[in-house]
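Participant: Mind having a look at this structure? Questions to follow.
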Amino acid sequence: MAAIDGAERALWQRGATGDGGAFGLIFDLHGDRVFRHAYRILRDVQDAEDASAVAFLELWRRRRDVRLVDGSPLPWLLATTTNTCRNLDRGRRRYRSMLDSLPHAVPAPSAEDIALDGQVVDSDLAAALAMLSRPDAELFALVALEGYTAADAAVAIGVSPGAARTRMHRIRARLQERLGHRTLAGYLAKEAAT
Amino acid sequence: MNTVRMSPEFATAFRARLVEHVATARPRRRRGLVAGGVALTLTLAASGGLAAVGGAFTNPEAGPLPDGVDVVTQQVYDDAYAKFEACMNEGGASLAAKRDVGGVHEFSYLAEAQPVYDKCYVDFAPIDFRWQVAHSYESETFIRLRECLTGTGIEPGEDADTVLAQVKDSGLDVQECFEPSTNG
């Protein structure tokens, strides 16, 4: 799963201490993944771009509290992206001046967007995430959508592995009861099998 | 599979602003206590329990160096590490899977030992942090970046700052540099 395999740790060390070049490389490494995660939830390119930008700005702002998994801040970034998507307006307010200065794409869906929409976007995903508490949404997104183990996700969101497994059991039961449609069931079945 | 990406215009503009934002940020006030961080996770076969790997910097504002220490030498680093390890042992949380990576001590500990780690790492953090940044050139990260540069015919510079600048200027696909080797 982890293509980066912890090899980026030194970039994080330098980036988190104010080395802009190193932080830029962290963005190069994970920008696309974070964007795809946001797009999966928001299904809007501009919103997903803003959510991604907010996640990286939060990575810097909260650098003292970031928990690395396999030496990478990616799981923390993805968890933060999940939460940002749930509160995008709040994230935009914090970084309004920067976001307003950035050039957004023309808001017309490309063929690529449409294709992706059918492949990885679950139309009920946002609703499912909205049902959950913030920690549960972050955990669910990391495990069910991004393929992390409950143990690795636990590190990223700062809970014990046992607590993460217990929560996932509870989340799975809750979502299957309330949103038992095919795609979501697929996510949950995949997670349950691990 | 089709992939969707940020628009190149947005990505380029945001990256530039992000780099500037980070590089020009004012130092923040330090908190009194370093929040112990978890860096790597792995499962220890013997115990089946989750472990975290330390020696992996988490807190960038790890506090000032101890009185009398101006420069973190090998001796200072090794002594501080020994004290940290002794503190862990005294707290009933032995380090495991210890190894030396580019002159940096790495280790793992069980997740249940996190409170002990948090207590013990506070004193080690300022020294560990400075040592790791100073030795980033020999880290796995920079070894891969240097290999990537060499692969494109660029002679890597002799310090980490130069390598970072070379990577940026060369336009290398950093993601490819960090992907697992496909040639064995």
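The values are calculated or read from the model by the stated rules, or taken from the named source; none is laboratory data. The structure presented is a predicted model; accordingly, all values stated were derived computationally and were not measured. Here Cβ is always computed from backbone atoms with ideal geometry, including for glycine, and neighbour counts include all displayed protein chains.
Participant: Does at least one position in region B:3-11 carry a residue that is at pLDDT 90 or above and more than 7 Å from chain A (Cβ to nearest Cβ)?
Facilitator: yes
Participant: May I ask you to say which residue of A:LEU57, A:LEU78 is modelled with pLDDT of 95 or more and more than 11 Å from chain B (Cβ to nearest Cβ)?
Facilitator: Numbers: A:LEU57 fails: more than 11 Å from chain B (Cβ to nearest Cβ).
None of the others qualify; the one that does is A:LEU78.
Participant: Taking helices (runs of 4 or more DSSP H) that do not extend beyond region A:1-67, which have at least 3 residues that are in the same structural domain as A:LEU99 (by TED's automatic domain parsing) and under 25 Å from B:GLN114 (Cα atoms)? Talk me through it step by step, then tell me what you get.
Facilitator: Working: elements: A:9-15, A:20-42, A:45-61.
The helices (runs of 4 or more DSSP H) meeting that bar are A:9-15, A:45-61.
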